[in-house]
2 protein chains.
Amino acid sequence: MTDMPERQIPEATVARLPVYLRALLDVAERSGDEGTMSSEELARLAGVNAAKVRKDLSYLGSYGTRGVGYDVKHLLYQITRDLGLTQDWPTAIVGVGNLGKALASYKGFSERGFRIQALFDVAEDIVGTEFGSLPVRHLDELKEAVVNESLCIGIIATPPASAQEVAERLVDCGIKSILNFAPAVVNVPPDVQIRKVDLSIELQILSFYQQRTQAVATAREANRRLAARSEGGA
Amino acid sequence: MTDMPERQIPEATVARLPVYLRALLDVAERSGDEGTMSSEELARLAGVNAAKVRKDLSYLGSYGTRGVGYDVKHLLYQITRDLGLTQDWPTAIVGVGNLGKALASYKGFSERGFRIQALFDVAEDIVGTEFGSLPVRHLDELKEAVVNESLCIGIIATPPASAQEVAERLVDCGIKSILNFAPAVVNVPPDVQIRKVDLSIELQILSFYQQRTQAVATAREANRRLAARSEGGA
DNA sequence: ATTCGTTCGTGACTGAAGTCACAAGACCGG
DNA sequence: CCGGTCTTGTGACTTCAGTCACGAACGAAT
């Protein structure tokens, strides 16, 4: 039987694999053939704890050597393979505004095998133009393009109001993986993977914590004054 | 005493508050004065489960009415306040490449009170230019600007190699909240909040799941053929 | 060959987040 | 005023992620 141990890899681990991958690539590039690396060192580079690195990597299989560490090249290969990055993923961007353009020219995508291969929009003044040697086509041509060019990942970079509709069209064309940059909740059938990146949510989280430390500071300040006054009064 | 119940709000809850906020704003805008909304409805709009909504909101205080729901306006106010969005946060962007520009012109920031108020870079051909009525200044002028214009949030949109250094300069200027868009791990002192948005990590996670469903599909296919052949052979 | 130092792999534990289910409270109609 | 119908707020439980600590395995050196 095709061996399928395939322990289910926890979501949290999957989310960290790209970070390990990046760290390993940096090292491999810098030092040519570093050879081997300990979980401790990888942990430092990835900004996490060593036990977590070991546990994460153990889900992929036993690729380390006790007393030595992990072979950088081999580990690189394994992570790349498990993340499905040994193949290219032809990717389409819908919505060619500022954000869409920035994404289309983002180095980080092509470096990892995500070839931005098609751009779509609906605005008349954008459709028909070119961006980075790619034509911006009308969204109505989506289906044809998906079939002909085997696009398999869709990126939504439209205004929030259009996000749900665009997602439905992507799903309708058979796309199973969607990355949503529009600040809107988008629902898709259970066999489609959707992930979101919300630029402003992260800022709002920062705001929460900053606001709170300030609030604490001012409260402490107020208490101090109160104490001082009652002391003076007593 | 200044009442500070301030139950510690779980991180996961903080991360969802902006989503609720957005949903409520949409509703309030659309229906003028909807009045009230149940946890069920808010859950649907936010794409989560109703019990979770109630528990999340209960951390802010008991702002709902049993048998009725939550008063939209009041809840909006409370969430806005707890997220620290009643005030503006003067924000600086370091790195004015494609991504930096897209962020500088991103509507979602200004809508929530994050005023992009200063742009910095180091490239000679960029420093001195203008973008969206803001001058791009040299990073060396950072400290002065932070002090004079009370900048309090820094956004890193540089290449990964410069991210750590830029972060250190931001910290050095007294900035306590940093949002990092560069694909690199950045370390800061414990009293500084840093959050990261990594555009390509999310794509890699999608790739993982897509790759896996394909792997399963091909394995199943292989098994089917094997079965068919052995059946034919028998 | 044996010992020693190192580092992985993992079982056991701790803690956080998510889910369920129900009592408590609010409104309504008669 | 009272029973019926809602919907919240929350304690109890389940599940998932993170951490610790230690045995197992490897290389090196004597």
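The values are calculated or read from the model by the stated rules, or taken from the named source; none is laboratory data. Everything quoted here is computed from the prediction, not taken from an experiment. For neighbour counting, all protein chains shown are included, and Cβ atoms are generated from backbone atoms with ideal geometry for every residue, glycine included.
Would you call B:Gly174 touching a residue at least 12 places away in the same chain (Cβ under 8 Å) and at positive phi? For B:Gly174, the condition - touching a residue at least 12 places away in the same chain (Cβ under 8 Å) and at positive phi - is met. Mind checking whether some residue in the range A:45-53 is outside any helix (DSSP H, G or I) and more than 12 Å from chain B (Cβ to nearest Cβ)? Within the range A:45-53, one or more residues are outside any helix (DSSP H, G or I) and more than 12 Å from chain B (Cβ to nearest Cβ).
Any chance the range A:2-21 includes a residue that's within 12 Å of chain B (Cβ to nearest Cβ), within 30 Å of A:Asp121 (Cβ to Cβ), more than 10 Å from DNA strand D (Cβ to nearest atom) and modelled with pLDDT of 95 or more? There is at least one residue in the range A:2-21 that is within 12 Å of chain B (Cβ to nearest Cβ), within 30 Å of A:Asp121 (Cβ to Cβ), more than 10 Å from DNA strand D (Cβ to nearest atom) and modelled with pLDDT of 95 or more. Scanning the range A:31-44 for residues that are more than 11 Å from DNA strand D (Cβ to nearest atom), within 14 Å of another protein chain (Cβ to nearest Cβ) and out of contact with any Gly (no Cβ under 9 Å at 6 or more places or on another chain) returns a single hit, A:Arg44. Tell me, which residue of the range A:54-101 that is part of a helix (DSSP H, G or I), among the hydrophobic types (A, V, I, L, M, F, W, C) and over 19 Å from the mean Cα position of the chain (by Cα) is farthest from DNA strand C (Cβ to nearest atom)? Within the range A:54-101, the match that is farthest from DNA strand C (Cβ to nearest atom) is A:Val72. Taking the range B:148-168 as the range and being surrounded by 19 or more Cβ atoms within 10 Å (Cβ to Cβ) and either without any contact (Cβ under 8 Å) to a residue 24 or more places away in the chain or more than 9 Å from every other protein chain (Cβ to nearest Cβ) (or both) as the test, the residues that pass are B:Leu151, B:Gly154, B:Ile156, B:Ala157, B:Thr158, B:Ala163, B:Val166, B:Ala167. Candidates in the range B:102-132 are the residues that are surrounded by 22 or more Cβ atoms within 10 Å (Cβ to Cβ) and among the charged types (D, E, K, R); of these, the one that is farthest from A:Pro160 (Cα to Cα) is B:Asp121. Among the residues making up the range A:28-40, those that are modelled with pLDDT under 95 and assigned to a helix (DSSP H, G or I) are A:Ala28, A:Glu29, A:Arg30. Only a single criterion out of (1) within 16 Å of DNA strand D (Cβ to nearest atom); (2) free of Cβ contacts under 8 Å to residues at least 12 places away in the same chain; (3) part of a helix (DSSP H, G or I); (4) not charged (D, E, K, R) is not satisfied by B:Ser110, namely (1). B:Asp82 meets all of the listed conditions (1) free of Cβ contacts under 8 Å to residues at least 12 places away in the same chain; (2) more than 30 Å from B:Pro135 (Cβ to Cβ) but one, namely (1).
Each row is one residue, and each column tells you yes or no for (1) within 23 Å of B:Ser207 (Cα to Cα); (2) of a type in the set (Lys, Arg).
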| residue | (1), (2) |
| --- | --- |
| A:Ala50 | no, no |
| A:Arg54 | yes, yes |
| A:Leu57 | yes, no |
| A:Gly61 | yes, no |
| A:Arg66 | no, yes |
| A:Tyr77 | yes, no |
| A:Leu83 | yes, no |
| A:Thr86 | yes, no |
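Please enumerate the residues belonging to the range A:53-88 that are farther than 20 Å from A:Val27 by Cα, within 11 Å of DNA strand D (Cβ to nearest atom) and surrounded by 13 or more Cβ atoms within 10 Å (Cβ to Cβ). Listed by number, the residues that qualify are A:Lys55, A:Ser58, A:Tyr59.
For the range A:198-227, taking the residues that are at the interface with chain B (Cβ under 7 Å from one of its Cβ atoms) and of a type in the set (Gly, Ala, Ser), the one that is surrounded by the fewest Cβ atoms within 10 Å (Cβ to Cβ) is identified as A:Ala222.
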